Amino acid sequence: MSERAPKGGRCPICGAPVDPAFRPFCSKRCADIDLARWMSETYVVPGGGSDADEDGDDSEATRDNTPPDKLH
């Protein structure tokens, strides 16, 4: 049989067995290391270009912040 990690898995920072109190990490130290990496932008979530207008409306009123009733 192959050797398997404990049911809780392994810490993504150091590889130690996961402590349920700090899941998915093994300790507060590893959780803090992960948080520091996110805060320093070491980790980046991939994404598309900037989408300032998520509903797809590309009108002039939206782009230059002029209220629609002031356009005419």
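The values are calculated or read from the model by the stated rules, or taken from the named source; none is laboratory data. Source: prediction; values computed, not measured. Using ideal geometry, Cβ is built from the backbone for each residue, glycine included, and neighbour counts are taken over all protein chains shown.
Among the residues of the stretch 19-40, write down those that are of a type in the set (Ser, Thr, Tyr) and surrounded by 15 or more Cβ atoms within 10 Å (Cβ to Cβ).
The initial filter retains those residues of the stretch 19-40 that are of a type in the set (Ser, Thr, Tyr), namely 27, 40.
Result: Ser27, single match.
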Between residues in the stretch 1-18 that are closer than 16 Å to Asp32 by Cβ and surrounded by 10 or more Cβ atoms within 10 Å (Cβ to Cβ) and residues that are aliphatic (A, V, I, L, M) and modelled with pLDDT of 95 or more, which pairs lie under 6 Å by C-beta distance while being six or more apart or on different chains?
Cys11/Val18; Ile13/Ile33
Residues of the stretch 25-44 being over 13 Å from Pro12 (Cβ atoms), acidic (Asp, Glu) and either in contact (Cβ under 8 Å) with a residue 12 or more places away in the chain or part of a helix (DSSP H, G or I) (or both), in sequence order, are Asp32
Name the one entry in Ser40, Ser27, Ser2 that is polar (S, T, N, Q) and modelled with pLDDT under 65.
Ser2
